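The values are calculated or read from the model by the stated rules, or taken from the named source; none is laboratory data. In this text the structure is predicted, and so the values were computed from the model without any measurement. Cβ: placed from backbone, ideal geometry, glycine included. Neighbour counts: every protein chain shown.
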Amino acid sequence: MGWWMVPAAAVAAWGALHLKSSRPDGQLLRVHPYRRILSFLEPRRNEAVVYFDDYIDVEALEAYLPKARARFPCDITPCVVAAIAIGLATAPKMNRFTAGYRLYERRGRFITFSMKRKRLDKEAKVSAVKLEVKDGMTFRDLCEAVASKVSVERSEAKTYQDKELALLDALPRPILYGAMGLVRTLDYYNLLPAAFIANDPLYTSVFYANLGSLGMGAGYHHLYEYGTCPLFLMSGEIKEMPVVRDGQVVARRMLHVRFSYDERIDDGLNARFGIDAMRRVLEHPERYLGCLAEDGSDARPLDRSVDEEDESVASAPPVALSP
């Protein structure tokens, strides 16, 4: 074998790595040159982050929750998670991600939410729970799935995440640094195993944090450079606020939500469609979540978009007055 065979093989391997575009979690998209170049102009998520602010009238939701709780476990968090799922169905371009300077359509809809391992215990660690919203899943199905995952997280059993973090924590600093670099490199070249991606909470469509459960306001959250999560949503404590309705200032129970999203996945207009859909779901839960009828006839699959033609439930963003 000639000496030139070694560098030739190395060049061929390098070329093959860069040509590999398939991933277990996404389908490569062919996009407009502008959107392709955007990943090179803004190679990191926090260079491409856009922030949105919104207020949602939740008086109808607070009336809906006691009725739903009489039938299945339910609180604010699964309501918001369900609204996010419908928002993704309404604006499916928001269910994309960038990896290796390429844009992918995600396979499946995944929502990760954070929770305290012990209720209202400031010493308890925070856990991230990843949930797949499958086709045909109803709000009741989602609530039961959330309750099941929360039950496991709050038990004494060691979860996959616990074992993974314990292993990483045991590594000396240089090895841990190298291990994280290896994960990033494998991700860049689309070589991460499907099992690794499936169990990692930051390989997700949206990350949601409910700070209202801790009595806090909503904040603007950064996007993680690790993983493929392009959207972060935070909600704060529900408060009575003055808002303008039909030219009159009235007091309403409002949920403050803040969004951070990676503009490389799509433009702000599609993000707005998703946010508007989410607001409509939370302001009209009996219509969009249902699951109150004994025969389940009012259950609505969460993979269906809101009905844009139904003017009777269309809601413009309320004008909230600063305190």
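Considering region 39-64 alone, what residues qualify as being within 25 Å of residue 256 (Cβ to Cβ) and free of Cβ contacts under 8 Å to residues at least 24 places away in the same chain? Lay out the reasoning, then the answer.
Quick first cut of region 39-64, residues within 25 Å of residue 256 (Cβ to Cβ) only: 45-46, 48-64.
Answer for region 39-64, where residues must be within 25 Å of residue 256 (Cβ to Cβ) and free of Cβ contacts under 8 Å to residues at least 24 places away in the same chain: just 63.
Elements of the type helices (runs of 4 or more DSSP H) sitting completely within region 16-90 and holding at least 2 residues that are within 20 Å of residue 269 (Cβ to Cβ): these cover 33-41, 76-90.
Here residue 218 fits the description: touching a residue at least 40 places away in the same chain (Cβ under 8 Å) and assigned to a loop (DSSP other than H, G, I, E, B). Residue pairs whose Cβ atoms lie under 9 Å apart, separated by 6 or more positions or on different chains, with the first residue in region 143-156 and more than 13 Å from residue 132 (Cα to Cα) and the second of a type in the set (A, V, I, L, M, F, W, C) and modelled with pLDDT of 80 or more, are 147/72; 147/74; 150/129; 152/129; 153/129.
Among the residues of region 250-267, count how many are without any contact (Cβ under 8 Å) to a residue 12 or more places away in the chain and in contact with a strand residue (DSSP E or B) (Cβ under 8 Å, 6 or more places away or on another chain).
Here is the first cut: in region 250-267, the ones without any contact (Cβ under 8 Å) to a residue 12 or more places away in the chain are 250-251, 267.
Going one step further and asking which of them are in contact with a strand residue (DSSP E or B) (Cβ under 8 Å, 6 or more places away or on another chain), we end up with 250-251.
The qualifying residues number 2.
For every residue, the table says whether it meets (1) at pLDDT 90 or above; (2) not acidic (Asp, Glu).
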residue: 286; (1), (2): yes, no
residue: 292; (1), (2): yes, yes
residue: 295; (1), (2): no, no
residue: 299; (1), (2): no, yes
residue: 308; (1), (2): no, no
residue: 313; (1), (2): no, yes
residue: 317; (1), (2): no, yes
residue: 321; (1), (2): no, yes
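When the residues of region 35-65 are filtered to those that are closer than 30 Å to residue 287 by Cβ and hydrophobic (A, V, I, L, M, F, W, C), the one that is surrounded by the fewest Cβ atoms within 10 Å (Cβ to Cβ) is 63.
If a residue has to be at pLDDT 90 or above, part of a strand (DSSP E or B), over 30 Å from residue 32 (Cα atoms) and among the basic types (Lys, Arg) to count, how many in region 97-155 make the cut?
Just the residues of region 97-155 that are at pLDDT 90 or above, to begin with: 97-113, 130-146.
Filter again for part of a strand (DSSP E or B), leaving 97-99, 102-106, 110-113, 130-132.
Now narrow it down to the ones that are over 30 Å from residue 32 (Cα atoms): 113, 130-131.
From what is left, the residues that are among the basic types (Lys, Arg) are 130.
Number of matching residues: 1.
Mind checking which residues of region 244-271 are surrounded by 15 or more Cβ atoms within 10 Å (Cβ to Cβ) and either of a type in the set (Phe, Trp, Tyr) or over 17 Å from residue 109 (Cβ atoms) (or both)? Working first, answer last.
We begin by selecting, within region 244-271, every residue surrounded by 15 or more Cβ atoms within 10 Å (Cβ to Cβ); these are 252-266, 270-271.
Within region 244-271, 252, 253, 254, 255, 256, 257, 258, 259, 260, 261, 263, 264 meet the criteria.
Got at least one residue in region 5-27 being among the β-branched types (Val, Ile, Thr) and free of Cβ contacts under 8 Å to residues at least 24 places away in the same chain? Taking every residue of region 5-27 in turn, at least one turns out to be among the β-branched types (Val, Ile, Thr) and free of Cβ contacts under 8 Å to residues at least 24 places away in the same chain.
Residues in region 224-243 that are among the aliphatic types (A, V, I, L, M) and surrounded by fewer than 21 Cβ atoms within 10 Å (Cβ to Cβ) were compared, and the one that is nearest to residue 95 (Cα to Cα) is 238.
In the set 185, 228, only one residue is among the polar types (S, T, N, Q), under 25 Å from residue 19 (Cβ atoms) and in a helix (DSSP H, G or I); that residue is 185. Residue under question is residue 292, and the condition is that it be on the phi < 0 side of the Ramachandran plot, part of a loop (DSSP other than H, G, I, E, B), surrounded by 20 or more Cβ atoms within 10 Å (Cβ to Cβ) and out of contact with any strand residue (DSSP E or B) (no Cβ under 7 Å at 6 or more places or on another chain); does it hold? It is false that residue 292 is on the phi < 0 side of the Ramachandran plot, part of a loop (DSSP other than H, G, I, E, B), surrounded by 20 or more Cβ atoms within 10 Å (Cβ to Cβ) and out of contact with any strand residue (DSSP E or B) (no Cβ under 7 Å at 6 or more places or on another chain).
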